[in-house]
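Notes for the one structure printed next.
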Amino acid sequence: MNKLKILVVDDESRMRKLVKDFLIKNDYEVLEAGDGSEALDVFFANQDIALIILDIMMPKLDGWQVCREVRNYSKVPIIMLTARSDERDELQGFELGVDEYISKPFSPKILVARVEAILRRTNQLADGETIECGGIVIDKAAHVVTIDGRQIDLSFKEFELLTFFVENKGIALSREKILNSVWNYDYFGDARTIDTHVKKLRSKMGEKGNLIKTVWGMGYKLEI
């Protein structure tokens, strides 16, 4: 099987090397670009790029300009990196169709985990319609969940919520991110609906419900 190809775009060579080394260690092929203009040249020369990791503040063309240009031609997943922690940046990124937004400094391991989560979500890393984690088996095609061999009855949203947790295992997820990903961006309800669904989901999962940890002041994380 061919390795999935990831384009890493950052004007800091040390940052590119750090990200590249971790991705290669996890069996990805990595292409690099040191500015926005070079990023577009590499992108259009390689039509099989599976994901782009894109810095915002760069010479020639910034990350926003690169993102807009790429989105004119492709829905390839994009992770935006920035040194600034600004909610307006994050909102602008999502409006442009960014899949993930990570502020520097960040853990390379977490970055790789998020890369894998996005690739699973876009079915590029999927090895079938079944995913398994800590005794939890999710058959996405049949919409069936079994825990330690026992089938459990979940509502549609509970199923989607558990699937999202499993696909992002080990990653702390804010209520807003869960809401946007599971309920979609057109949902305008209260983020506390997440707490209600998590409570019901934990109850139905029995002892395995303890795997869904509360991240105080933020949201939740599935910890195996």
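Values for this structure:
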read-out: Principal-axis tilt of helix 13-25 within the chain, Cα atoms, nearest 10 degrees; value: 50 degrees
read-out: Rg over Rh [alpha-carbon atoms, Kirkwood Rh] for segment 5-121; value: 0.91
read-out: Cα-Cα pairs of segment 21-87 separated by more than 15 Å (percent); value: 53 percent
read-out: Pairs beyond 30 Å (Cα-Cα), from K75/K204; K17/K75; K3/K208; value: K75/K204; K3/K208
read-out: Rounded tilt (10° steps) of 156-167 against the dominant C-alpha axis of the chain; value: 50 degrees
read-out: Residues whose placed amide H lies under 5 Å from that of I78, excluding near-sequence neighbours; value: I52, D99, E100
read-out: Alpha-carbon radius of gyration plus Dmax, which is the widest Cα pair, for segment 130-222 in Å; value: 12.5, 37
read-out: Rounded D (µm²/s) - the chain, Kirkwood Rh over Cα pairs, Stokes-Einstein at 20 °C, 1.002 mPa s; value: 115 µm²/s
read-out: Charge dipole (debye, nearest 20) of the chain; +1 at Cβ of Lys and Arg, -1 at Cβ of Asp and Glu; value: 680 debye
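FYI, it's all coordinate maths here, none of it is from the lab. The shown structure was predicted, so the numbers you read here are calculated from the model rather than taken from an experiment. Backbone-built Cβ (ideal geometry, glycine too); neighbour counts: all protein chains shown.
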